[in-house]
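Below is one structure, written out as structure tokens, with a few remarks after it.
The values are calculated or read from the model by the stated rules, or taken from the named source; none is laboratory data. Source: prediction; values computed, not measured. When we count neighbours, we look across all protein chains shown, and the Cβ atoms used for this are built from the backbone with ideal geometry, even at glycine.
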Amino acid sequence: MRYNVAQLLKEGVGAFREREVSGDLYDIDENNPGPTHCEGQILLIRTPRGILAKGKVHLKLVQACRRCLELATHEVTIEVEEEFIPSVDVETGASLPITDEDEPELVINEYHILDLQEVLRQYAVVAVTSPSLCKPDCKGLCPHCGANLNYETCNCDTRRIDPRLAVLAKLLES
């Protein structure tokens, strides 16, 4: 997931290269410590300031179900679009100014290597926080006793009424 972009930096704005993405990500979260394999396509496009990396990467992430909290593996597609800036002029070798606003993971190193690893890891962190289901018909947890309704039935009285709504319940009984 590291690409030498020296030749692309020498070309004009709009020049591009299409590259395969294949590698492992680590430390996404406690359920995905790694290695988490990812694959996809990335388009590297020369911009006036640097190189735009744009593409899709597929990986499998372990996520907690939003209803029952069981862990399940899901196929996730990450859409990447980030502009990387060079730290060294490719023609002269002179250092280029990097401001405090420039993210360190979006800086092309002094050897003209564009590294997608940390950017993809950050995109995966965002993807893993999206709620998902372990299966489409997940029954979730009992709100009273916490039993996983996919595996067991509970004997909780589901007719419990919130004391604040007791007056309305009496109207329904009549």
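Some points to look at:
- Residue list for segment 71-123, restricted to those being part of a loop (DSSP other than H, G, I, E, B), aliphatic (A, V, I, L, M) and out of contact with any helix residue (DSSP H, G or I) (no Cβ under 8 Å at 6 or more places or on another chain): 94, 96, 98, 116
- Residue 50 under 19 Å from residue 81 (Cβ atoms), buried (at least 17 other Cβ atoms within 10 Å of the Cβ) and of a type in the set (Gly, Ala, Ser): yes
- Matching residues, segment 121-174, being of a type in the set (D, E, K, R), modelled with pLDDT of 80 or more and farther than 30 Å from residue 57 by Cα: 139, 152, 164
- Residue 94 being more than 14 Å from the chain's Cα centre (by Cα) and surrounded by 12 or more Cβ atoms within 10 Å (Cβ to Cβ): no
- Considering the conditions (1) exposed (fewer than 12 other Cβ atoms within 10 Å of the Cβ); (2) closer than 18 Å to residue 72 by Cα; (3) of a type in the set (Asp, Glu), residue 18 is excluded by exactly one of them, (2).
- Some residue of segment 10-22 being over 24 Å from the mean Cα position of the chain (by Cα) and either part of a helix (DSSP H, G or I) or within 23 Å of residue 126 (Cα to Cα) (or both): yes
- For segment 40-89, the set of residues classified as in contact (Cβ under 8 Å) with a residue 60 or more places away in the chain, of a type outside the set (A, V, I, L, M, F, W, C) and under 17 Å from residue 122 (Cβ atoms) consists of 63 only.
- For the residues 110, 105, 83, the requirement of being of a type in the set (Asp, Glu), closer than 30 Å to residue 17 by Cβ and over 20 Å from the mean Cα position of the chain (by Cα) singles out 110.
- Sole residue being surrounded by 13 or more Cβ atoms within 10 Å (Cβ to Cβ), part of a strand (DSSP E or B) and within 13 Å of the chain's Cα centre (by Cα), chosen from 41, 63: 63
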